Structures are given as structure tokens and as C-alpha cells.
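The values are calculated or read from the model by the stated rules, or taken from the named source; none is laboratory data. The model shown is predicted, which means the values in this text are computed figures rather than measured ones. For neighbour counting, all protein chains shown are included, and Cβ atoms are generated from backbone atoms with ideal geometry for every residue, glycine included.
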Amino acid sequence: MTNEAIDMSRGVPPTDLLPTEKVKECAMSAMDNFGRSLLQYHSKITPTVQGFQPLMELLADEMGNGAKQENVLIGNGSLDVFDILTNSLVEAGDNVLVESPSYDRSITTLERAGCNVTGVPLEEDGLDTGRLADLVEEKNFKLLYIIPDFQNPSGITTSTKKRNEVTELAEEHDFWIIEDSPYYKLRYKGEHKPRMWDLSPQKVLYMSSFSKLIAPGLRIGWTIIPEDINEKVLQYAEDSYITPSILSQGVVYEFLQRGWLEPNIEKLKESYVVRLNALLENLESKMPEASWAEPEGGFFVGLNLPGGTTFTDLEEKSEELGLNFSDSRKFFPEGGDVNFLRIPFCTLSPEEIEESISRLKEVL
Ligand SMILES: Cc1ncc(COP(=O)(O)O)c(C=O)c1O
């Protein structure tokens with residue numbers, strides 16, 4: 001490798017793994033099969049803001065466990081869906097909970113809606129449920145936002161025991177859980193854990209996305225919502241955008257109908273596990289004094305920086321190192337400096353991984 005800058009800031013799929021030709025074919029047949037409906041606000045197969053009915057039906061069927069098509073909402077990416085859910089459920093001044101660290105854009109969404117955001121420390125098997133129990137005992141919280149599978153930014157997966165504890169607390173203390181799970185199907189090792197939605201479908205709003213499974217540019221994310229808030233959420237969505245991008249939904253539907261999703265995921269997993277293993281080997285050999293939780297899937301390893309090094313120390317050296325980082329401080333709702341770095345291994349080639357960890361080792 002030359003001394004070129006390496007971008008370690010973005011958790012995005014590598015462009016050469018995007019299924020361009022397949023999506024092109026699906027776009028053509030979506031237009032052939034449903035063109036008039038896909039170009040209109042509403043039609044017989046898109047009668048409401050919820051989206052393209054054939055895709056809603058596939059998503060509800062796949063969720064199983066009694067999921068109904070009429071409780072599915074497909075939006076323009078899951079971040080957009082999260083914005084809709086947040087604004088339908090909270091009012092300015094409401095208290096909400098997130099894991100600490102958590103996905104920075106979701107923290108921003110909650111703050112923008114005027115929420116008081118409290119972080120619950122994340123442990124190697126998920127958030128500290130003892131601390132969560134104390135917090136919900138002390139005051140009322142409207143919702144908990146959680147990424148239980150291969151969390152962004154830490155790579156941590158919540159254990160089955162903690163999933164049960166958290167859903168029990170939500171039922172007892174009456175708060176919503178928003179389960180954001182875009183990486184669930186990108187598991188490279190170990191067994192799937194039960195979705196929190198399966199444990200408490202009346203308290204959990206499940207969210208997922210095709211950004212990491214097909215392509216982010218399609219902007220397709222979706223949620224399944226409990227019956228009693230359906231109307232409120234749908235009204236908010238309709239007032240926001242009348243309908244989402246139906247054309248993209250038609251494309252995703254064609255992709256699923258052809259049975260292309262599972263082989264695409266297998267192809268992604270084959271490539272991502274090589275990158276994850278390259279990162280783990282490099283960390284073990286070059287940075288034994290740092291610590292990290294070994295992820296079983298997803299996009300990220302969260303590195304605890306050794307020897308009191310803070311993110312600000314790293315940032316000061318980033319130009320000299322030729323490395324770009326995302327701002328670790330934004331993952332922590334408490335603010336302040338942190339000893340943490342998110343490494344998005346899927347985005348980097350094994351060569352870039354080796355080079356970036358060598359450069360990091362030098363500065364640490
Ligand atoms: C946990 C999590 N939620 C939501 C998103 C946003 O995904 P989408 O492209 O579906 O908006 C991301 C993207 O990285 C993410 O990591």
C-alpha cells in the first residue's frame with residue numbers, strides 16, 4: 001500500500017459488492033409489471049402511506065409470529081423510519097434511553113425531537129440491565145432505543161438473558177422498545193438470538209433495512225408496529241411525505257421474488273468474514289494492549305484505546321496518519337472525550353485493514 005489516506009469513518013458496503021446488474025434487471029421488471037402504480041402517489045396496490053402492498057406482505061410473512069401486513073410501514077431508509085417513530089411517540093421534554101455507546105445519528109434524531117437522552121452503559125453481553133432497572137425505577141422513560149445484534153458502533157450482541165430482562169422491564173414500567181436490527185442477517189459465527197420483538201410484540205417496535213443486505217441507495221427501511229399506535233404513526237408518516245419512494249419498493253420486491261436475497265447475503269458474508277478475521281488478527285498481533293469485544297456479525301469492531309489514549313488524541317494525529325475516523329464522542333450521549341474507536345471492517349479491504357492498524361499502532 002502507498003501512503004494514501006484510508007477512510008475508516010463510514011460503515012457502508014464496499015461499492016464493488018453492490019448487485020448492480022441484478023438491481024437493474026429488477027428495476028426493468030418492476031416497471032414492466034407495476035409501472036403505473038410505482039409512479040403514482042397511491043394506487044390499488046399502494047393504497048396507503050405504508051408502502052407497496054406485495055412487499056409489505058412478504059415482510060409480514062417473514063416476521064411470522066402473528067405479524068400482520070397492516071402493521072408494516074416501509075419508509076425511505078430505516079433512519080427515516082426511526083425519525084417517524086420517534087416523532088410519533090415522544091413530545092419535547094420526554095426522557096428516553098439508549099445504549100452507551102449507540103448509533104450517533106439515532107441519538108441526534110432523539111435530541112432533535114427534544115428528548116432528554118440517557119445512556120445505559122454497554123457491557124460485553126449487552127446493556128447493563130441492573131442500571132436500566134434502577135433508571136426506570138427512578139423516573140418515567142418513554143422509550144428505549146436498542147441495537148441488539150452486532151451493535152453500531154461496538155459490534156456487541158445482547159444476550160438472550162438480557163433480551164428477556166429488558167422486555168420484562170418494558171412491560172413492567174410501560175416504556176416502548178425500538179429494536180433497530182439492520183445487521184441481523186449478517187451473522188458470520190454462532191447462533192441467532194431471539195428478536196426482542198418475538199419476546200414482547202406489544203411493547204417492541206421492530207426495525208430493519210435493505211441498505212446492508214442489497215444496497216443503501218435504494219433507501220428501503222421498514223418497521224412493524226404494535227396495533228395501538230399504528231394510526232398515530234401512519235398519520236405522522238403521511239403528513240411527512242404523502243408516500244415514500246414506491247419505485248424502490250417495487251425493485252426490492254422483484255429482488256426478493258426472484259429468491260436473490262439469500263444468495264446475495266451469503267456472498268456478502270463470505271467477503272465480510274474475511275475482513276473481520278483480518279482485523280482481529282491484526283489487532284491481536286499489533287495491539288495486544290487494546291481491548292475489544294469480538295463481534296459475531298455486522299459491520300463494526302469497537303476498540304477500547306489503551307494507555308489512556310483518547311479519541312481527541314487520535315484526531316489530532318489523523319492527518320499525519322492518513323486515517324479518517326468518525327467522531328467517537330458522538331456515540332456517547334453523555335458527551336466528553338472517550339477512549340473508544342469504531343472500526344468499520346466491512347468497508348475496508350484486508351490490505352487497508354492491515355495498513356490502517358499498522359498506522360494506528362505507531363501512534364498508540
Ligand atoms: C443501527 C443502524 N440503524 C440505522 C441505520 C440507517 O440505515 P438506513 O440506510 O436504512 O437508513 C444504520 C446505518 O448505518 C445503522 O447502523
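Worth pointing out:
- With respect to the conditions (1) within 14 Å of the ligand (Cβ to nearest atom); (2) more than 14 Å from the chain's Cα centre (by Cα), LYS203 falls short on a single one, namely (1).
- Test: residue in the stretch 223-231 that is modelled with pLDDT of 95 or more, of a type in the set (S, T, N, Q) and away from the ligand (no atom under 16 Å from the Cβ): no
- Listed here are the strands (runs of 3 or more DSSP E) enclosed by the stretch 146-258 that have at least 2 residues being over 30 Å from GLY35 (Cα atoms): 176-180, 204-209.
- PRO263 surrounded by fewer than 17 Cβ atoms within 10 Å (Cβ to Cβ) and within 30 Å of PRO101 (Cβ to Cβ): no
- Across the stretch 204-252, the qualifying residues are those that are hydroxyl-bearing (Ser, Thr, Tyr) and closer than 21 Å to ASP149 by Cβ, and the one among them that is surrounded by the fewest Cβ atoms within 10 Å (Cβ to Cβ) is SER211.
- Strands (runs of 3 or more DSSP E) lying entirely in the stretch 69-139 (those with 2 or more residues that are within 12 Å of the ligand (Cβ to nearest atom)): 72-76, 95-100
- Residue among VAL12, VAL49 that is in contact with a Lys or Arg (Cβ under 9 Å, 6 or more places away or on another chain), of a type in the set (A, V, I, L, M) and in a loop (DSSP other than H, G, I, E, B): VAL12
- Matching residues in the stretch 107-127 - criterion: being more than 14 Å from PHE175 (Cβ to Cβ), surrounded by fewer than 22 Cβ atoms within 10 Å (Cβ to Cβ) and touching a helix residue (DSSP H, G or I) at 6+ places or on another chain (Cβ under 9 Å): THR108, THR109, ARG112, ALA113, GLY119, PRO121, GLU123, ASP125
- Some residue of the stretch 201-208 being closer than 22 Å to PRO295 by Cα, among the polar types (S, T, N, Q) and either in contact (Cβ under 8 Å) with a residue 40 or more places away in the chain or not assigned by TED's automatic domain parsing to the domain that holds SER248 (or both): yes
- A search for C-beta distances below 6 Å between a residue of the stretch 247-259 that is closer than 14 Å to THR46 by Cα and any residue that is crowded, with 24+ Cβ neighbours inside 10 Å and β-branched (Val, Ile, Thr), counting only pairs 6+ apart in sequence or on different chains, returns SER248/ILE220; GLN249/ILE74.
- Selection count, the stretch 333-347, where residues are closer than 16 Å to PHE299 by Cβ and at pLDDT below 95: 1
- Those residues of the stretch 1-31 which are over 21 Å from TYR253 (Cα atoms) and within 16 Å of the ligand (Cβ to nearest atom), in sequence order: ASP7, MET8, SER9, ARG10, GLY11, VAL12, PRO14, THR15
Listed here are the residues, each with its yes/no results for (1) crowded, with 18+ Cβ neighbours inside 10 Å; (2) touching a residue at least 24 places away in the same chain (Cβ under 8 Å).
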residue: LEU283; (1), (2): yes, yes
residue: PRO288; (1), (2): no, no
residue: TRP292; (1), (2): yes, yes
residue: PRO295; (1), (2): yes, yes
residue: VAL301; (1), (2): yes, yes
residue: PRO306; (1), (2): no, yes
residue: PHE311; (1), (2): yes, yes
residue: LEU314; (1), (2): yes, yes
residue: PHE331; (1), (2): yes, yes
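- Unmet criterion (only one of (1) surrounded by fewer than 23 Cβ atoms within 10 Å (Cβ to Cβ); (2) farther than 25 Å from THR160 by Cα) for PRO194: (2)
- Positions within the stretch 280-332 being hydroxyl-bearing (Ser, Thr, Tyr) and modelled with pLDDT of 95 or more, in sequence order: SER285, SER291, THR310, THR312, SER326, SER328
- Just so you know, in the stretch 156-184 the residues that are within 16 Å of the ligand (Cβ to nearest atom) and out of contact with any Lys or Arg (no Cβ under 8 Å at 6 or more places or on another chain) include one that is farthest from ILE265 (Cα to Cα), and it is ILE178.
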